[in-house]
Amino acid sequence: MAAAAMVVPVAYRNGTAVPDWLNKGDNAWQMVSATLVGMQAMPGLVILYAGLVKKKWALNSAFMALYAFAAVMPCWVLWAYKMSFGHRLIPFWGKAGLAVSQDYLIPQALLPSTHYVDGTTETAAIQPWYPTATMVFFQFAFAALTVILVAGSVLARMSIRAWMVFVPLWITFSYTVGAFSVWGGGFLFQWGVMDYSGGYVVHLASGAAGFTAAYWVGPRLTEDREEFPPNNLLLALAGAGILWMGWTGFNGGDPFAANVDSSMAVLNTHICAATSLLVWTCWDVLFFKKPSVIGAINGMITGLVCITPAAGLVQGWAAIVMGIVSGTVPWYTMMVLSRKIPLLQKVDDTLGIFHTHAVAGTLGGALTGLFAHPDLCSLFLAVPNSKGAFYRGTGGVQFLKQLVGAAFIIGWNVVVTSIILLVIRVVIPLRMSEEDLKIGDDAAHGEEAYSLIGQGQREQFSHNGRIQLVESQIP
């Protein structure tokens, strides 16, 4: 009788739980991909940030990432998902709406605004073979990751209260616009701008917004800016490893199916990342006589970012070329130009998000406009009739489209991020007080990352600057 009770009725298996349109393989891969992207943010970026910053900022940096990951979810399901992937309100924005009811989440996923007509060819709206709930979760992970990347530019001085207000506002008024315009069926999508998995929507947007936020928040303390040793490079390497392997889902999940294009995207992702890391390391050895671990992490990230808009659209040789470029140009902007250009000297971008994400993302988008292969584009639902200028033979129209798309993403993020921060500044100071900046984690949270003084004890800065020993709250 116990065995009989475990039998699931055929009607249920073939009914609402397993409808005819459901592809179990696609659904499983999409949920795994979403989880991999989520793990890039939490714990990936949480521990990467915690390890790369000065000891007194480890906890605050990790918490900014952790908070953002959580804060995006309610915004996403209550209004932001439909603003990004719902019905069109205006050419660059979708209509806000709830994504929480079973009547919406259980039916087959549909991106209603992605229907378009290209000359005599009419393309149906994108409709993957799994439920909307899977799509909502997958796209949430991208949104959360993006705003956490913005945090990398303002670590070690931004007020945590200001950050708590900034996250939902930026997701609402900045991220949703880029996502809808490029992915959700907005004007850049309709125009044929190619962004396979977020070179523009995620990385260029976060790099431009982060640099803008760093300008308005202001620099770190002079002592922190001049001496900011990472407190735990081994921890940072662990975070970087999660970030790299998680990119398998980041790029591999964007065909919205477990298909051959997904496999191509995954392989290209790792080809470009490995090439870029090696090239960046070679430049470090050539100019500084030593390979840098932080430099290798940066090279890995720039390679991953650069291939993102092209992952399933280019051939393997193009991924190698893109890796060489992404290991060279951002290295030059970070190590050389940042010491020569006044604006780059003035703006204190803590982890160099501008170089690793904005510069690399722009490069990736532009190179996609050159190297996107027509046969591979035909496999990808979002750009079936596109191809790079390298294969067109009639000029660089696609390349120019990519540059225009980049310009829009940069312009929107600079303007909207500035407005958001100026509004917040009226109510909440954007940066911590000078006294709190000298203390760090303990001033922001009343906690510290490490108890190094003694068993159950930690160091605490009193208001007169003397170090006191206090008992830990942890038994």
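The values are calculated or read from the model by the stated rules, or taken from the named source; none is laboratory data. Being a predicted model, the structure only gives us computed values, none of them experimental. FYI the Cβ positions are ideal-geometry reconstructions off the backbone, even for glycines, and counts take in every protein chain you see. We work out accessible area using only protein heavy atoms, side chains counted, and drop any ligands, DNA or RNA first. Shrake-Rupley method; radii C 1.70, N 1.55, O 1.52, S 1.80 Å.
Figures for the structure shown
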read-out: Net charge, Ala34 excluded, C-beta distance under 14 Å - Lys, Arg +1, Asp, Glu -1; value: -2
read-out: Shape category assigned to segment 229-312 from the gyration tensor of Cα positions, a/c cut at 1.5; value: oblate
read-out: ³J(HN,Hα), Karplus 6.51/-1.76/1.60, whole Hz, each residue of segment 313-318, x for Gly, Pro; value: 10, 10, 7, x, 5, 5
read-out: Cut-off 18 Å, label 7 Å out along Cα→Cβ of Val32, residues of segment 253-276 by amide N; value: 253-270
read-out: FRET efficiency for His445 and Leu286, using Cβ-Cβ distance with R0 set to 51 Å, rounded to 0.05; value: 0.75
read-out: Point-to-point label distance, Val404-Lys24, nm (Cα→Cβ direction, 7 Å offset); value: 4.7 nm
read-out: Estimated vicinal HN-Hα couplings, Hz - segment 65-72 in sequence order (Karplus 6.51, -1.76, 1.60; Gly, Pro = x); value: 5, 4, 4, 4, 4, 6, 5, 5
read-out: 1.4 Å probe accessible area per residue over the chain, in Å²; value: 41 Å²
read-out: Amide H contacts under 5 Å for Tyr116, placed H, 5+ residues apart; value: Thr123
read-out: Leu89 long-range amide H proximity, modeled H, under 5 Å; value: Gly94, Lys95
read-out: Gyration tensor verdict on segment 43-136 (Cα atoms; rounded if a/c is under 1.5, prolate if a/b is larger than b/c, oblate otherwise); value: prolate
read-out: Kirkwood hydrodynamic radius (C-alpha pairs) into Stokes-Einstein, the chain, 25 °C and 0.890 mPa s, D in µm²/s; value: 107 µm²/s
read-out: FRET efficiency, 1/(1 + (r/R0)^6) with R0 25 Å, evaluated for Leu343 and Ile320 via beta carbons; value: 0.15
read-out: Fraction of accessible area attributable to carbon and sulfur, the chain (%, probe 1.4 Å); value: 68 percent
read-out: Extension reserve of the Lys95-Ile160 stretch, reckoned as 0.36 nm per residue once the Cα distance is removed; value: 20.4 nm
